[in-house]
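Here is the structure we will look at.
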Amino acid sequence: MKKIVGSKIIRLKEIDSTNKLALSEEYSDSPSGTVIIAEEQSAGKGRKNRIWYSKKGGIYMSILFNKVKDYSTFYKLAILSALAVKDVLSRYTEDRYYVKWPNDLYYEDKKICGILLQSKTQGDDNRLVLGIGININNSISELPKEVRDKSASLIDIIGKKIDKEEIITNLLGRINIYYNELLNGQFKKYLKLVNDCLYKKGRITEFLIGVYFRKLRVLEVDTDGELIVEDEKEQRLKVDFGEIL
Ligand code: BTN
């Protein structure tokens with residue numbers, strides 16, 4: 001199997017945001033699969049312009065892909081990356097992890113990992129960056145109140161520090177496997193695994209779609225990586241953007 005993800009690893013003590021750096025001019029010639037890892041971030045970003053609190057102890061990394069033609073592979077990679085985080089973290093705790101579509105990982109009903117996919121077009125180069133933040137040795141007691149109640153961290157679950165390097169190595173290895181599988185058109189092979197741990201599966205839950213709130217039943221992720229839901233008239237619908245609240 002080709003080693004693409006992690007073929008080059010850059011380590012930093014502190015940066016504003018590893019995603020921002022990976023999208024900057026400075027990294028425009030870096031090969032696909034380059035990973036930037038920071039010990040801490042001063043301006044970590046989440047989806048919808050939210051802040052990703054990034055104190056020392058967590059894992060903050062961005063994987064960069066150049067000359068991207070087919071974006072759909074990367075939406076699927078984001079989903080499988082959440083699965084990869086579950087694969088690795090469940091070696092340390094009970095397996096109570098759920099992939100929240102499109103690409104977060106929850107421990108029971110608390111978020112432990114967030115994934116932010118960003119892209120940039122520069123001339124004929126489409127660059128894509130997959131940013132992953134995981135709460136490992138940073139306790140959620142250090143987080144601001146508004147996110148504390150909704151977050152989980154490995155150290156709080158198991159009560160002791162974990163070797164972050166071991167997690168990073170295993171995680172990059174798994175993401176590399178999933179990426180190679182996606183390049184060979186094998187997303188379907190992993191769908192059952194994703195659907196078996198899909199957050200709120202079978203439950204009616206509130207969605208924010210564009211500016212509208214809707215109550216929909218979560219059914220499954222399909223072969224395109226889209227979410228299938230059911231409305232109040234029991235009609236199946238596809239959600240290709242939007243958020244489970
Ligand atoms: C989210 O939950 O909305 C996504 C959070 C993504 C956080 C990671 S940490 C590494 C990378 N750099 C960032 O600024 N954000 C991502």
(request) Consider just the alpha-carbon atoms of region 44-163 and return their Rg together with their Dmax, both in angstrom. (result) 14.9, 49
(request) Write down the percent of antiparallel bridges among all DSSP beta bridges whose residues are both part of the chain, to the nearest 5. (result) 85 percent
(message) Over 10 Å intervals from 0, what percent of Cα-Cα pairs in region 200-244 sits in each interval?
(response) 31, 62, 8
(request) Just report the Cα centroid separation between region 1-61 and region 196-236, whole Å. (result) 31 Å
(request) Step through the table entries Lys2/Lys201; Lys150/Lys233; Lys161/Lys188; Lys110/Lys160, compare each Cα-Cα distance with 28 Å, and write down the pairs that go over it. (result) Lys2/Lys201; Lys150/Lys233; Lys161/Lys188
(request) From the P(r) of region 1-61, can you give the percent of Cα pairs sitting at distances over 15 Å? (result) 51 percent
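For the chain, which whole-number percentage of the solvent-accessible area (1.4 Å probe, protein heavy atoms only) is attributable to carbon and sulfur atoms?
49 percent
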(request) Mind checking the full-extension length gain between Ser141 and Ser24? Use 0.36 nm per residue of separation minus the Cα-Cα distance, one decimal, nm. (result) 38.8 nm
(request) Run the numbers on the chain and let me know its relative contact order in percent, using alpha-carbon pairs under 8 Å that are six or more apart. (result) 17 percent
(message) Quick check on packing: order 108-116, 182-190, 50-58 by the mean number of other C-beta atoms within 10 Å, highest mean leading.
(response) 108-116, 50-58, 182-190
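Calculate, for the chain, the solvent-accessible area per residue in square angstrom, rolling a 1.4 angstrom probe over the heavy atoms of the protein chains.
Ligands and nucleic acids excluded, the result is 49 Å² per residue.
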(request) May I ask you to evaluate 6.51 cos²θ - 1.76 cosθ + 1.60, the Karplus curve with θ = phi - 60°, for each residue of region 84-94 and list the ³J(HN,Hα) values in order in whole Hz, giving x for glycine and proline? (result) 5, 5, 4, 3, 7, 5, 6, 6, 9, 9, 5
(request) Take the Cα gyration tensor of the chain, multiply each eigenvalue by 5, square-root it, and list the three semi-axes largest first, rounded to whole angstrom. (result) 26, 23, 18
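The values are calculated or read from the model by the stated rules, or taken from the named source; none is laboratory data. From a predicted model like this one, the values you see are computed outputs, not experimental measurements. Methodologically, a virtual Cβ is constructed for each residue, glycine included, from the backbone with ideal geometry; neighbour enumeration extends over all protein chains shown. Heavy atoms of the whole protein, side chains included, go into the accessibility calculation; ligands, DNA and RNA do not. Shrake-Rupley method; radii C 1.70, N 1.55, O 1.52, S 1.80 Å.
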